[in-house]
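This report concerns only the one structure given below.
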Amino acid sequence: DAGVTQSPTHLIKTRGQQVTLRCSPKSGHDTVSWYQQALGQGPQFIFQYYEEEERQRGNFPDRFSGHQFPNYSSELNVNALLLGDSALYLCASSPRASGGVGQYFGPGTRLTVL
Amino acid sequence: AQSVTQPDIHITVSEGASLELRCNYSYGATPYLFWYVQSPGQGLQLLLKYFSGDTLVQGIKGFEAEFKRSQSSFNLRKPSVHWSDAAEYFCAVGQPNTGFQKLVFGTGTRLLVSP
């Protein structure tokens with residue numbers, strides 16, 4: 001049983017560009033959350049998707065947007081990249097039936113903005 | 001708003017010695033509580049979680065944590081540390097009964113294990 005998978009592993013972009021990160025949830029999980037982890041910090045919640053809709057959102061600007069597909073996989077899009085967007089982006093999945101608790105994390109995508 | 005405090009940025013423990021990592025939370029009721037471990041360049045692995053019931057929770061890799069409501073704490077313990085335990089440890093809280101969970105994390109404690 002594959003866990004949460006994310007692609008790509010690493011990504012380098014320049015300021016002003018746009019980026020798309022991808023996540024496939026653990027088998028049997030239908031809820032996907034995204035977190036940003038800056039260097040030396042704990043992860044910060046970006047948003048959560050269930051049934052292809054954004055259900056909760058953290059304190060992130062509209063430059064951060066997402067999508068969930070019918071197979072429960074998800075994308076995180078960031079527009080107009082800033083240097084401060086450099087971070088490890090983590091995807092987590094959980095089953096809605098559990099109230100979304102017990103989230104399982106993927107290995108993350110390391111985004112570097114130059 | 002929920003918040004999590006991990007007061008120790010770094011802790012160094014000798015191999016074989018016991019370990020306690022501190023976590024304090026701020027929340028209006030009893031939250032869901034989690035400990036995660038992160039090895040360098042890796043994602044987060046769930047060590048253990050507390051939802052309700054017995055306040056002493058057993059996790060993987062020989063870790064346990066105790067929920068103390070009176071102290072708003074959820075400290076992580078291990079009786080004998082192994083060199084492979086060196087990693088970053090994060091405490092997190094979630095909101096019960098809200099259906100859609102977001103986790104609020106502390107800033108982490110980096111564990112160094114000396115020979």
Has segment A:85-92 got at least one residue that is over 15 Å from A:Ala38 (Cα atoms), within 14 Å of chain B (Cβ to nearest Cβ) and either in contact with a strand residue (DSSP E or B) (Cβ under 8 Å, 6 or more places away or on another chain) or not hydrophobic (A, V, I, L, M, F, W, C) (or both)? yes
What do you reckon, is A:Arg96 farther than 29 Å from B:Ile9 by Cα and not aliphatic (A, V, I, L, M)? yes
Hand me the list of strands (runs of 3 or more DSSP E) wholly inside segment A:15-110 holding 1 or more residues that are closer than 24 Å to B:Gly41 by Cα, open to solvent by 20 Å² or more (accessible area, probe 1.4 Å) and among the charged types (D, E, K, R). A:19-24, A:74-78
Return yes or no: is A:Arg55 modelled with pLDDT under 95, among the charged types (D, E, K, R) and farther than 17 Å from A:Gln41 by Cβ? yes
Is it true that some residue in segment B:75-85 is in a loop (DSSP other than H, G, I, E, B), hydroxyl-bearing (Ser, Thr, Tyr), over 13 Å from the mean Cα position of the chain (by Cα) and at pLDDT 95 or above? yes
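Taking the condition under 30 Å from B:Arg110 (Cβ atoms) and open to solvent by 20 Å² or more (accessible area, probe 1.4 Å), does A:Thr9 pass?
Taking the combined requirement at face value, the residue satisfies it.
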Segment B:68-90, subset without any contact (Cβ under 8 Å) to a residue 40 or more places away in the chain and open to solvent by 50 Å² or more (accessible area, probe 1.4 Å), residue nearest to B:Tyr27 (Cα to Cα): B:Arg69
Just a yes or no: is a residue in segment B:34-54 farther than 29 Å from A:Gln56 by Cα and more than 14 Å from every other protein chain (Cβ to nearest Cβ)? yes
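The values are calculated or read from the model by the stated rules, or taken from the named source; none is laboratory data. Given the structure is predicted, the values throughout are model-derived calculations rather than measurements. Here the Cβ is made from the backbone with ideal geometry for all residues, glycine too, and neighbour counts use every protein chain on show. Note: accessible area is taken over every heavy atom of the protein model, side chains too, but ligands, DNA and RNA are not part of it. Shrake-Rupley method; radii C 1.70, N 1.55, O 1.52, S 1.80 Å.
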